[in-house]
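Visitor: Just dropping this structure here.
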Amino acid sequence: MRVARRYRISGRVQGVGFRYFAQSAAGREGVHGWIRNLPGGEVEALAEGDAESLERFERAIRHGPPGARVDHVDVEATLPDGRDTGFSVT
């Protein structure tokens, strides 16, 4: 079953390769979507894929790359659009 989630990640998540780490995790899991920096120092992502792949992706972004510190992750379920677009960093 395909699901989609929007994530808002706070902590030391900008300037540490977090978005590219998430892109790599998404590629491994076959997850589609995007990730971007927000002006307040947070990172926002929209990810879509099968439920198990999205769980593994979420575990990865809750940990982050070396040098990152994830303090909090807000998760919101959204409706999947079904498009296989890859995972882009903006």
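The values are calculated or read from the model by the stated rules, or taken from the named source; none is laboratory data. Given the structure is predicted, the values throughout are model-derived calculations rather than measurements. Cβ atoms come from the backbone with ideal geometry, glycine included; neighbour counts cover every protein chain shown. Just the protein is used for accessible areas: all its heavy atoms, side chains included, with ligands, DNA and RNA removed. Shrake-Rupley method; radii C 1.70, N 1.55, O 1.52, S 1.80 Å.
Visitor: Quick one: Debye curve from the alpha-carbon atoms of the stretch 1-42 only, equal weights, vacuum; give me log10 I(q)/I(0) at q = 0.27 Å⁻¹ to two decimals.
Guide: So the normalised log intensities work out to -1.06.
Visitor: Would you kindly derive the ³J(HN,Hα) couplings of the stretch 37-49 from the backbone phi angles with the Karplus curve 6.51 cos²θ - 1.76 cosθ + 1.60 (θ = phi - 60°), listing them in order in whole Hz, with x for Gly and Pro?
Guide: So the J values, rounded to whole Hz, are 6, 10, x, x, x, 8, 10, 10, 9, 10, 10, 9, x.
Visitor: Per DSSP H run of at least 4 residues, take -39500 (n - 2.57); add these up for the chain, divide by its residues and hand me the 222 nm value, nearest 500 deg cm²/dmol.
Guide: Values: 2 runs with 25 residues, N = 90.
Per the formula, -8500 deg cm²/dmol.
Visitor: I'd like to check one number: the per residue accessible area of the chain, probe 1.4 Å, reported in Å² as a whole number. All intermediate terms of the calculation are to be shown ahead of the outcome.
Guide: Numbers: 5020 Å² over 90 residues.
Each residue of the chain exposes 56 Å² on average to a 1.4 Å probe.
Visitor: Rounded if a/c is under 1.5, else prolate if a/b beats b/c, else oblate: with a ≥ b ≥ c from the C-alpha gyration tensor eigenvalues square-rooted, which is the stretch 11-90? Walk me through the intermediate numbers first.
Guide: Values: a/c = 1.65, a/b = 1.56, b/c = 1.06.
Prolate, because a/c is 1.5 or more and a/b exceeds b/c.
Visitor: So, in nm, how far is label residue 10 from label residue 90 when the simple model puts each one 7 Å beyond its Cα toward the Cβ?
Guide: 2.3
Visitor: How much of the accessible area of the chain, probe 1.4 Å, is carbon plus sulfur, in whole percent? Could you put the intermediate results ahead of the total?
Guide: Values: 2430 of 5020 Å².
Answer for the chain is 48 percent, counting heavy atoms of protein chains only.
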